[in-house]
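The values are calculated or read from the model by the stated rules, or taken from the named source; none is laboratory data. Keep in mind the model is a prediction, meaning the values are calculated, not measured. Here the Cβ positions follow ideal geometry from the backbone for every residue, glycine too, while neighbour counts run over all protein chains shown.
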Amino acid sequence: MADDFFRYVLPHATQAHHDLIYFPYWRFKGMLFFCGPTGITNRFVDVSHQAIETARFPLSVGVRSQAMKLRFLSADMEGRFLKPRLPFEKIAANFESRFGKALPKPILHQAHIGEALSLIYSPFYIKDKLYDAIIDKPASAQAWEDFNIDDLDGGSPKWHIRFVSTLCPNCGWDLEGQRDSLVILCKNCNSAWYPVGRRLKQLKFARLQEAGENTLYLPFWRIRAEISGIDLRSYADLVRIANLPKAVQKGWEEIPFRFWIPAFKIRPQLFLRLASHITASQPREELIPELPATRIHPSTLPVKEAIESLEIALADFMKPRQKMMERFGNIHIDAQSFTLIFVPFNEEHHEFIQHDYQVAINKNVLAHSKNL
Ligand SMILES: [Zn+2]
């Protein structure tokens, strides 16, 4: 079982001293995309399911994962934390089929993108019945008998607190971590870093030249991939595949094709629109290997998640749809390398606008994307 996920705790409200038992739930949160005959359908989901299969405890945490304030699990928390028994993979397939059920068949491809996996611990205690310690009331009317809770593995939380250096590995300068950002920037030596385990790894980055005033830079993962099952190596190939209303010009066969995927969380529909729109535009102006001096939106979507979205982005810009349907099953995409590119957007009244590629992001939508 992977160990690389966040663990959260729901707060209890009991006054008296009880031996608290924390029951684990897998939580799936993120964007689901389904590619089918009528196009691409998306869902934003935040659902949970028991990580130990038992009829004794509630099946999920319900809306509490969204409605209540979650705390990070820490090593000093009291109580008995039960060990998950069901691997997440099993549950993830379950979630996907649940959300895919109502969609037109066949589903050609599906992807989940975002913070896919975490564990939520919910507090209970046992007297004559099972009690829900969040509301301090019985969780079930059924008497608690014939079941020894000690048969389930558990104990105090063993929580490795990740320590990541805050000094630039290159020049020793204090790194500026933006809130929620996965990428840490050093403005002293002009470098970018991201944590891998307990270490910082250097990241290739660049920015596009800003034009005009009030620039906000939004980060995109530019990804080079090996694509089989379809000819998509160059800008000329893209013009044909996306059926773009332009004639292929000399030299376009030599311009390598790359994906451009948002490196930040945003509503699924907009995420897909930005990905397929900027990818179809293939920005070709000069890349400047410097950090922007103006505002930068935090990078909140790991490159691993961005790579998950490549098929969906391709399916979105392949035209006509009938051709996409016929060929999609044979297409295979293998990401090879990536660079973080800061793309300038101009702040206007209600929106951030990228004039060269004609995309806009509503300011409220961007502000609310913090909660995704
Ligand atoms: Zn530095």
In the range 13-47, how many are out of contact with any Ser or Thr (no Cβ under 8 Å at 6 or more places or on another chain), surrounded by fewer than 20 Cβ atoms within 10 Å (Cβ to Cβ) and more than 27 Å from R321 (Cα to Cα)? 7
Kindly provide the set of residues from the range 81-97 that are surrounded by fewer than 17 Cβ atoms within 10 Å (Cβ to Cβ) and over 24 Å from the mean Cα position of the chain (by Cα), ordered by number. K83, R85
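Would you point out the residue of the range 73-110, among those that are of a type in the set (D, E) and free of Cβ contacts under 8 Å to residues at least 40 places away in the same chain, that is farthest from I149 (Cα to Cα)?
In the first step, residues of the range 73-110 are kept if they are of a type in the set (D, E); the result is 76, 78, 89, 96.
Filter once more, so that each one left must be free of Cβ contacts under 8 Å to residues at least 40 places away in the same chain: 76, 89.
Values: D76: 22, E89: 25 Å.
In this case the residue turns out to be E89.
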Taking the range 152-185 only, how many residues are closer than 18 Å to D19 by Cα, modelled with pLDDT of 85 or more and either within 16 Å of the ligand (Cβ to nearest atom) or not in a strand (DSSP E or B) (or both)? 2
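Could you check the range 194-216 and list, in sequence order, the residues that are more than 11 Å from the ligand (Cβ to nearest atom) and not in a loop (DSSP other than H, G, I, E, B)? Explain how you work it out, then say what you get.
Here is the first cut: in the range 194-216, the ones more than 11 Å from the ligand (Cβ to nearest atom) are 194-199, 201, 203-216.
Those that are more than 11 Å from the ligand (Cβ to nearest atom) and not in a loop (DSSP other than H, G, I, E, B): Y194, P195, V196, R199, K201, L203, F205, A206, R207, T215, L216.
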Return only the number of the condition from (1) in contact with a strand residue (DSSP E or B) (Cβ under 7 Å, 6 or more places away or on another chain); (2) closer than 14 Å to F33 by Cα that S276 does not satisfy. (1)
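Just to be sure before I move on: is S299 under 20 Å from H355 (Cβ atoms) and of a type in the set (G, A, S) in the structure I sent?
Working: under 20 Å from H355 (Cβ atoms): no; of a type in the set (G, A, S): yes.
Taking the combined requirement at face value, the residue does not satisfy it.
So that you can scan it fast, the table gives a plain yes or no per residue for (1) in a strand (DSSP E or B); (2) under 29 Å from E311 (Cα atoms); (3) in the same structural domain as M324 (by TED's automatic domain parsing):
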position	(1), (2), (3)
A192	yes, yes, no
L218	yes, yes, yes
R222	yes, yes, yes
D231	no, yes, yes
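One line per residue, one yes/no per condition, for (1) touching a Lys or Arg at 6+ places or on another chain (Cβ under 9 Å); (2) under 16 Å from W26 (Cα atoms); (3) basic (K, R):
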| position | (1), (2), (3) |
| --- | --- |
| H49 | yes, yes, no |
| M77 | yes, no, no |
| K83 | no, yes, yes |
| I120 | yes, yes, no |
Any idea which of (1) in contact with a strand residue (DSSP E or B) (Cβ under 9 Å, 6 or more places away or on another chain); (2) among the hydrophobic types (A, V, I, L, M, F, W, C); (3) within 16 Å of the ligand (Cβ to nearest atom); (4) at pLDDT 85 or above is the one C189 doesn't satisfy? (1)
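Of the residues that sit in the range 111-135 and are under 30 Å from L270 (Cβ atoms) and hydrophobic (A, V, I, L, M, F, W, C), which one is surrounded by the most Cβ atoms within 10 Å (Cβ to Cβ)? Step through it out loud before you land on a result.
Here is the first cut: in the range 111-135, the residues under 30 Å from L270 (Cβ atoms) are 111-120.
Subsequent filtering for residues that are hydrophobic (A, V, I, L, M, F, W, C) retains 111, 113, 116-117, 119-120.
Working: A111: 22, I113: 26, A116: 19, L117: 19, L119: 19, I120: 24.
Among those that are under 30 Å from L270 (Cβ atoms) and hydrophobic (A, V, I, L, M, F, W, C), it is I113.
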Residue check, Y8 surrounded by 14 or more Cβ atoms within 10 Å (Cβ to Cβ) and more than 22 Å from the chain's Cα centre (by Cα): no
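Got a sec? Which of L208, L182, L232 is among the hydrophobic types (A, V, I, L, M, F, W, C), surrounded by 18 or more Cβ atoms within 10 Å (Cβ to Cβ) and closer than 15 Å to P302 by Cβ? Talk me through it step by step, then tell me what you get.
On the way: L208 fails: closer than 15 Å to P302 by Cβ; L232 fails: closer than 15 Å to P302 by Cβ.
It is L182.
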Looking at F44, is it at negative phi and under 17 Å from the mean Cα position of the chain (by Cα)? yes
Give, as residue ranges, the strands (runs of 3 or more DSSP E) completely inside the range 13-121 that count at least 1 residues that are over 25 Å from I307 (Cα atoms). 21-36, 39-50, 80-82
